[in-house]
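The structure under discussion appears below in the form of structure tokens.
Computed from the coordinates by the stated procedures, all read-outs in this text should not be read as laboratory data. Keep in mind that what you see is a predicted model, and the values were worked out from it rather than measured. Glycine gets a Cβ as well: all are built from the backbone with ideal geometry, and neighbour counts include every protein chain shown.
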Amino acid sequence: MTLSRRTMLGTGLVALAGKRVLAKAPQTPEPVPAPASGGHKPSVVVPNGSVLPSKVVRGVRVYHLVATEFDHEIAPGLVIKAWGYNNATPGPVIEATEGERVRIYVTNKLPEVTTIHWHGVFVPFGMDGVAGLTQEGIGPGKTFKYELTFDRAGTFMYHPHVDEMTQIALGMHGMIVVHPRSGESARVRDYSLMTHEMMVPIGARRADPLAMNDFNVLTFNGKAFPATDPLVAQVGDRVRIRIGNLGPMDHHPIHLHGHAFEVVATDGGTVPPSARVPETTVIVPVGTVRVVEFTARAAGDWPLHCHMTHHAMNQMGHAAANLVGADPAGVDAKLSRVVPGYMTMGQAGMHEMSTMRMPQPANAISMLGGKGPYGVIDMGGMFTTVKVRDHLVPGQDPGWYTGSPAAGEASPSDLVGDGITP
Ligand SMILES: [Cu+2]
């Protein structure tokens, strides 16, 4: 029998579905670069990722992407065979300046043809990267050359345009950031996040490219919480998050706590200021970028996550019986005679699983959560935090924020004083 999350959890939320709890040591991404004269020279920060190296050869910026298969850790406990670029999924961010002429070499080390499409970039037709339509596919072992000009600033993406279902599903996608030639008018913390979703059967090492729903591995920049690096900012900082979605099927409503932001741009261009509205959640549809900006308002470890509840969790089974409200005592007693240690879970909700360390099949992160300053954070998947501090020390781990009085149990005098009867 193949051990899938359906079969594993098909009889209810048994002990195997328990959540392991990992400590998460927050890391500090690169500090904001020092301002340069005549405007600021920004560089994008890629949590859990990197910027693609480049060099200028006779006035042309040259990059090299290599399509590869490699081992990729989604979170501690789950390593998959991913496809991506330069052994990363998403691939490294291509960063350039408006107006730059570029040459991008693409080497294919995969077993089938590939191409790269420059999503949102205005390119000559022959550089559009659609196999069969604008070019031949790049065969295994071949290196092709794309020549184009990033003629406008903005946030774009890249992905294969051949066997998209397989290649994108296995992790081939990346972000392109083109900075305005005039520089930034103000200091900004500039982050790039690519969302993605995969269906990785429990215990398997490969995402299923045929999946159309029931995605169970939801990621920011290829990592599921608690493996997602936080974003950091200082109170008063202008923060920009470029959120891209090249996942197979789902749009993601990305929500930020403690702040309101505006969508200032998409992969189509800048949103005119008169058209911007305040939001706390932005839907990032498949095949789009949404660039949001806000001013860091108050210190805290503010969650940033997909608001689809099934996208902020890890490898949860959805074929389980609903046991909320059930009394399983009699069933447990009988079943434990044939399955020693059997314990039904879920009758009081699912949080209890987050407090237990249950045995897991190899290479699985069912219900894996994180450890916070006040106990277990029972979310996973597409979840991270924006760590805002009154004063940030560059390079220093900001740790967890506990500087704000936490909600706590009401005292008897509170209850009496305010006339509350529990
Ligand atoms: Cu989502």
Suppose R0 equals 25 Å. What FRET efficiency, 1/(1 + (r/R0)^6) with r the Cβ-Cβ distance, do Ser404 and His310 give to the nearest 0.05?
0.25
5 angstrom amide H check on Glu95, placed H, neighbours 5+ away:
Leu52, Val177
Cα-based Rg and Dmax for the chain, in Å, come out at 23.4, 78
Mind listing the phi-derived Karplus ³J(HN,Hα) values for the stretch 182-192, rounded to whole Hz, using 6.51, -1.76 and 1.60 with θ = phi - 60°, and x for any glycine or proline?
6, x, 8, 7, 9, 5, 9, 8, 10, 10, 10
For Asn363 and Asn213, extending 7 Å from Cα along the Cα-Cβ vector and measuring point to point gives, in nm, a value of 2.7
Reciprocal mean inverse distance between Cα atoms of the stretch 155-236 - Kirkwood radius, Å
15.2
With both partners inside the chain, how many of the DSSP beta bridges are antiparallel, as a percent to the nearest 5?
70
Would you please classify the overall shape of the stretch 193-281 from the alpha carbon gyration tensor, given that a ≥ b ≥ c denote the square roots of the eigenvalues, rounded means a/c under 1.5, and beyond that prolate means a/b larger than b/c while oblate covers the rest?
prolate
Collect residues whose amide H, placed 1.01 Å from N in the peptide plane, falls under 5 Å from the amide H of Asp151; neighbours closer than 5 in sequence don't count.
Gly99, Phe122
Relative contact order, percent, the stretch 61-194 [alpha-carbon distance under 8 Å, six or more residues apart]
28
Listed by chain and number, the residues whose amide H is under 5 Å from that of Tyr191, excluding neighbours fewer than 5 places away on the same chain and using placed H, are Val45, Arg240, Ile241, Arg242
If we count every other residue with Cβ under 12 angstrom of Trp302's Cβ, Lys/Arg +1 and Asp/Glu -1, where does the sum land?
+2
In sequence order, what are the phi-derived ³J(HN,Hα) couplings for the stretch 80-88 according to the Karplus relation 6.51 cos²θ - 1.76 cosθ + 1.60 with θ = phi - 60°, rounded to whole Hz, with x for glycine and proline?
10, 8, 9, 10, x, 10, 6, 6, 9
Here the relative contact order (percent) of the chain, from C-alpha pairs under 8 Å and at least 6 apart, is 22
Estimate the FRET efficiency between Met165 and Leu133 by the formula 1/(1 + (r/R0)^6), using the beta-carbon distance for r and 22 Å for R0, to the nearest 0.05.
0.85
Given a Förster distance of 45 Å, report the FRET efficiency between Asn87 and Tyr374 from their Cβ-Cβ distance, rounded to the nearest 0.05.
0.75
If each of Val62 and His257 carries a label point 7 Å out from its Cα toward its Cβ, how far apart are those two points in nm?
4.8
In 5 Å bins starting at zero, report the fraction of Cα pairs in the stretch 98-178 per bin as a rounded %.
3, 16, 26, 28, 16, 9, 2, 0
Just need the relative contact order of the stretch 243-321 here, percent rounded to a whole number, with Cα pairs under 8 Å and 6+ apart.
40
